[in-house]
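Just so it is clear, none of the values below were taken in a lab; they were calculated from the coordinates. Worth saying up front: this structure is predicted, and the values here are computed from it rather than measured. Positions of Cβ are backbone-derived with ideal geometry, glycine not excepted, and every protein chain shown enters the neighbour counts.
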Amino acid sequence: MPNSILVLGSSNVDLILKVPRFNQPGETIRADHLTTVYGGKGANQAIAAKRLGAEVALITRLGDDHYGQSYRRYLTKKGLNPKSIFLDKKVPTGIAFIELDTKGENRIVVAPGSNSYLSIDDLRKYPPLFRKIKVFVTQLEIPFETVTMGLKMAKKYGALTLLNPSPSRPLSNETLSLTDFLIPNELEAQSLTGLKMRTKQDLPKMATTLLKMGVKNVVITLGSKGLFFKNPYEEIWMEAFKVKVVDTTAAGDAFMGGLACGLSEGKPIWEALMFGNAAGALATTKLGAQPSLPSRKELIRFLKRY
Ligand code: RIB
């Protein structure tokens, strides 16, 4: 069976500290709880799409250490081909330090480790993976030239390309013109366009600026305020589902997995957005990145309820 989605991106081990509040510079506070889970935007998005029923391959790089070896075993057990999950002998596995407050808001610091060494050569080893895909998904926790090469290869093989510009950084015109769907959150959209979002009415202007920069479709995700979609032919405003938020970590990754899954199944854009919107909402109702990603059954049940 061909892989319909290929994800290129990071894998981190997430150390989650539940804190009563975020501390001040120079202040020491006590965490209520420490949990270790698998994360990283690339692996999260791959697992998100996989749980929703897509055929998925992941190209990523872990350290050849305790964390990396056990993460690779876990990803393989989840059905991802280990051939494109590289182990790096020279650098440690990426680690994300996540502080989570009582409202479910987080602050994240990432030590990228092996993710910084995911190279263009790693991609060249796996052209067969690119040949079979319908949708290609990537983000910015790996070297920028690798992201751009991934987009180039995916376009060469006729795939639909999705770029989640997170964490934020300037993007080249070449990269933007290789992107079919750009999916920033509102902060990333502001930093890419240089425009400020004061009210919802600023969103169409921001999206138009991004379209002029070369992308074909823009989805600006707004957390609890929903999302805004724009391409040259249509605009869609979608509200967020109202849920009880426990932890917002990986909500954006769940959205990406849902959107990619919907598009790979040939769903119309609004339905693929709805799929992503529901996956994102469900991901906020549980603790942790990958443990919070919903299955297809959970998502369908949730959508029926609404
Ligand atoms: O998007 C959430 C992810 O960001 C976490 O899993 C963490 O690893 C960071 O990469």
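Here are the numbers for the structure shown:
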| quantity | calculated |
| --- | --- |
| Residue of G226, G194, G158 that the Gaussian network model of the chain assigns the largest fluctuation, springs spanning Cα pairs under 10 Å | G194 |
| Spin-label model distance (nm) - K18 vs V243, 7 Å beyond Cα toward Cβ | 1.8 |
| Part-to-part distance (alpha-carbon centres) for segment 1-68 and segment 109-129, which is given in Å | 16 |
| Per-residue [θ]222 nm for the chain (sum of -39500 (n - 2.57) over DSSP H runs n ≥ 4, rounded to 500) | -10500 deg cm²/dmol |
| Inter-label distance for K196 and D101, nm, one decimal - labels placed 7 Å from Cα along Cα-to-Cβ | 2.3 |
| Area projected by the alpha carbon convex hull of segment 179-238, averaged over all directions, nm² | 3.6 |
| For segment 65-172, convex hull of alpha carbons as volume per residue, Å³ | 142 |
| Net charge of neighbours whose Cβ lies under 13 Å from the Cβ of K41, counting Lys and Arg as +1 and Asp and Glu as -1 | -4 |
| Summed residue charge, Cβ within 13 Å of K244's Cβ, Lys/Arg positive, Asp/Glu negative | +2 |
| Principal semi-axes in Å for the chain [√(5λ), Cα gyration tensor, largest first] | 26, 25, 19 |
| Entries in K103/K286; K41/K155; K18/K78; K83/K125 that, when Cα-Cα distance is taken, lie over 18 Å | K41/K155; K18/K78 |
| For the chain, share of DSSP beta bridges that run antiparallel, in % to the nearest 5 | 40 |
| Among T28, T221, T146: highest mean-square fluctuation, GNM of the chain, C-alpha pairs under 10 Å | T28 |
